Amino acid sequence: MAALIHKILNANEPAPNLMDYRAMRATFSWDIACAEQARLPYDRLNIAFEAVDRWVATGQGEVAALRWLGKNGERQDFSYTELARLSNRFANSLEQLGIGPGDRVCILAGRIPELYITALGTLKAGAVFCPLFSAFGPEPVRVRLVKSQARVLVTTTLLYQRKIREQRNNLPDLEHILLTDSDGSEPGTHSFHTLLETGPDHRSPPRTRPEDWALLHFTSGTTGIPKGAIHVHQAVAAHQLTGRWVLDLRPGDIYWCTADPGWVTGVSYGIIAPFVNGATLVVDEAEFDARRWYAILDRERVNVWYTAPTAIRMLMKAGAEAVQGHDLSALRFMASVGEPLNPEAVTWSLATLGRPFHDTWWQTETGAIMIANYRVLDIRPGSMGQPLPGIEAAIVRRRPGGGVDRLEPGEEGELALRAGWPSMFRSYLDDEERYQQCFADGWYLSGDLAICDIDGYFWFVGRNDDVIKTSGHLIGPFEVENVLMEHPAVAEAGMIGKPDEFAGQIVKAFVALKPSYVPSDALRKELLGFARTRLGPAVAPRELEFIPDLPKTRSGKIMRRLLRARELGLPLGDVSTLEGENPEEPDV
Ligand code: WT7
């Protein structure tokens, strides 16, 4: 185990927002945090109002809210006042289109300013904001548009042409497509900017209530199509608090979150948390590049930086040369999320960047950071840290007949959180049964396996299901296998996560061919291309191997665990339910 990292607070820096972790844990209540939020009359609460308009109301409207760095070198600031006006216009435009409370508004775009205007305007209109990752292919986009019943989609001309146009007739709920760069030549679409100009920039305060739906984030499970996790406006209390206590954000900070808003981190911490804490959010439109990143940290004088293990490992690969000549002295706090942060990455960051990365743990379902390493506490490299004040975390084991047992320190089990924090998801869209399955005895069961040590630090072990993380993105086997099975040559397909030095895991597919097909390199390439065209680069398998049959239980479920064990040369473990292996055993 890497050595403990002791914190010595630097007297030249502002004191941490969370000074006494233990005292805060002992006294904190969410009621107090939620009461702090109520800035609208009649018990109304709105994430976008908390994020931008309240700063205008208190005279801080001229502060830069969003600093957008375009991939071609553009640099554009939007003040809180400007964002308030633009989001008012968008909310008014939505209303003119007949879009209102509860309606879903999706966006499929890269990190462009219109995305932030769409998010805030949608929330002000009382509609539900649902981001789709721009590197999804047509199939994941279609599935999510159908499931969300989106009435509006904001996108670019190119993404529309590549991913939507051909399937538009199969999307009956989708009434309005707003193109951010429309030249008027795409039939059946509107120009986002023309619409924005027609909306007045004034609006009365939003009428949403704390428990009204605000955000819809899709997330994958082992089976079935992705689940739509619903978050409500009250979640903003958790965004604000975690922004303040975990990320140590304060008004005037320059803050950079590298996550894409196509995923939950890019919304909770790449839009909401920095704005409700009055920071300036840096958004870089471009993809990862070590030198560009160091230049941004230096030139923008970034104070707080939230990124992911895959990116950190790429920075490690770029070596200390890449950072040379860059002044990172403005950095006060660095944090990481999304996949295990290896201890070497923590010690490397301390040695090379002069500060350690602080691991944080949470999920789409939790809506906000639940377990973290805090600025004020020592770090045990490799550990995810300790629960947020207000969050009770435990390691449990599910009892076969229902309910859970709490386990002792050092024992491996499922990571569970006592239900009831503000940013907890309120349902899976149209899937109450799956929602209920996430809870037992008042605990939310995360699906992650972990250990809690004697001092209360949590250590990630793995998942208890077959979803995988690649470059920090959660991928479920169902979507990948389904698309492969659509190819005429494929009889069966199974997906696993294969360990990868940088991405953590990559998607690897195993395929059994139909009898009239023979494995060949050409067919392998064809299948990889087929999957990539439909799924997009973010989801498609990077490797594909032919095997005669996939291991299955006698009830026909693919045993991905065995595919994984074979790939890694591990012992096969319990194979008693494997098809043909143990005919005496009862079926499962
Ligand atoms: C899954 C949730 C994290 C919010 C955005 C992604 C894995 C997350 C860590 C961490 C090890 C982590 C878990 C979790 N994960 N943080 N610090 N160490 N694993 O949310 O896409 O719903 O993914 O990401 O497996 O369940 P998500």
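Would you mind finding the one in R151, R144 that is surrounded by fewer than 22 Cβ atoms within 10 Å (Cβ to Cβ), of a type in the set (K, R) and at pLDDT 95 or above? Reasoning before the result, please.
On the way: R144 fails: surrounded by fewer than 22 Cβ atoms within 10 Å (Cβ to Cβ).
When all the criteria are applied, what remains is R151.
If the requirement is being under 29 Å from E365 (Cα atoms) and out of contact with any His (no Cβ under 8 Å at 6 or more places or on another chain), which of these qualifies: G221, G228? Break it down stepwise before answering.
Numbers: G228 fails: out of contact with any His (no Cβ under 8 Å at 6 or more places or on another chain).
Answer to the selection: G221.
Note on segment 19-53: residues that are of a type in the set (D, E, K, R), crowded, with 18+ Cβ neighbours inside 10 Å and either over 19 Å from T242 (Cα atoms) or free of Cβ contacts under 8 Å to residues at least 12 places away in the same chain (or both) amount to 1. In this structure, I371 does satisfy being in contact with a Gly (Cβ under 7 Å, 6 or more places away or on another chain), within 14 Å of the ligand (Cβ to nearest atom) and of a type in the set (V, I, T). Applying the condition of being surrounded by fewer than 20 Cβ atoms within 10 Å (Cβ to Cβ) and in a helix (DSSP H, G or I) to segment 466-494 and asking which residue is nearest to the ligand (Cβ to nearest atom) yields F478. The set of residues in segment 450-465 being within 12 Å of the ligand (Cβ to nearest atom) and among the charged types (D, E, K, R) consists of R463, D465.
Out of E408, E414, one residue alone is among the acidic types (D, E) and within 23 Å of the chain's Cα centre (by Cα). It is E414.
I'd like to know if segment 506-516 contains one or more residues that are under 32 Å from the mean Cα position of the chain (by Cα), surrounded by 18 or more Cβ atoms within 10 Å (Cβ to Cβ) and outside any strand (DSSP E or B). Give the steps one after another, and end with the answer.
To start, the set of residues in segment 506-516 that are under 32 Å from the mean Cα position of the chain (by Cα) comprises 506-511.
Subsequent filtering for residues that are surrounded by 18 or more Cβ atoms within 10 Å (Cβ to Cβ) retains 506-511.
After this cut, where a residue has to be outside any strand (DSSP E or B) as well, the list is none.
Scanning segment 506-516, I find no residue that is under 32 Å from the mean Cα position of the chain (by Cα), surrounded by 18 or more Cβ atoms within 10 Å (Cβ to Cβ) and outside any strand (DSSP E or B), so the answer is no.
Scoring F129 on the criteria (1) touching a Gly at 6+ places or on another chain (Cβ under 8 Å); (2) surrounded by 24 or more Cβ atoms within 10 Å (Cβ to Cβ); (3) not hydroxyl-bearing (S, T, Y) leaves a single failure, condition (1). For L9, indicate whether it is aliphatic (A, V, I, L, M), assigned to a loop (DSSP other than H, G, I, E, B) and within 28 Å of the chain's Cα centre (by Cα). In short, no. Counting only residues that are at positive phi and buried (at least 23 other Cβ atoms within 10 Å of the Cβ), segment 280-305 holds 0 of them.
Annotation note: Cβ proximity below 7 Å between a residue of segment 335-352 that is closer than 15 Å to K317 by Cα and a residue that is part of a loop (DSSP other than H, G, I, E, B) and more than 16 Å from the ligand (Cβ to nearest atom) (sequence gap 6+ or interchain) occurs for S349/R355. Applying the condition of being hydrophobic (A, V, I, L, M, F, W, C) and crowded, with 24+ Cβ neighbours inside 10 Å to segment 246-257 and asking which residue is farthest from the chain's Cα centre (by Cα) yields L249.
Within the bounds of segment 356-368, is there any residue that is away from the ligand (no atom under 12 Å from the Cβ) and either surrounded by fewer than 22 Cβ atoms within 10 Å (Cβ to Cβ) or in contact (Cβ under 8 Å) with a residue 40 or more places away in the chain (or both)? So far as segment 356-368 goes, yes, one or more of its residues are away from the ligand (no atom under 12 Å from the Cβ) and either surrounded by fewer than 22 Cβ atoms within 10 Å (Cβ to Cβ) or in contact (Cβ under 8 Å) with a residue 40 or more places away in the chain (or both).
Among the candidates V518, V480, single out the residue that is at pLDDT 95 or above and farther than 22 Å from P138 by Cα. Spell out the reasoning first.
Details: V480 fails: farther than 22 Å from P138 by Cα.
It is V518.
For segment 54-88, what are the residues that are acidic (D, E) and surrounded by fewer than 19 Cβ atoms within 10 Å (Cβ to Cβ)? Can you show your working first?
Here is the first cut: in segment 54-88, the residues acidic (D, E) are 62, 74, 77, 82.
Residues satisfying the conditions are E62, E74, D77.
Filter segment 437-449 for residues that are away from the ligand (no atom under 12 Å from the Cβ) and in a strand (DSSP E or B) and give the result. Those that are away from the ligand (no atom under 12 Å from the Cβ) and in a strand (DSSP E or B): F439, A440, W443.
Residues that are in a strand (DSSP E or B), more than 16 Å from the ligand (Cβ to nearest atom), free of Cβ contacts under 8 Å to residues at least 60 places away in the same chain and over 28 Å from M334 (Cα atoms) are absent from segment 411-427. The condition of being surrounded by fewer than 21 Cβ atoms within 10 Å (Cβ to Cβ), farther than 25 Å from K7 by Cβ, more than 9 Å from the ligand (Cβ to nearest atom) and of a type in the set (D, E) holds for only one of E392, E321, E344, that being E321. For beta carbons closer than 6 Å, sequence separation of 6+ or different chains, a first residue in segment 456-469 that is in contact (Cβ under 8 Å) with a residue 24 or more places away in the chain and over 10 Å from T222 (Cβ atoms) and a second that is more than 9 Å from the ligand (Cβ to nearest atom) and basic (K, R), the qualifying pairs are Y457/R380.
The values are calculated or read from the model by the stated rules, or taken from the named source; none is laboratory data. Keep in mind that what you see is a predicted model, and the values were worked out from it rather than measured. Note that each Cβ is placed from the backbone with ideal geometry, even for glycine, and that neighbours are counted across all protein chains shown.
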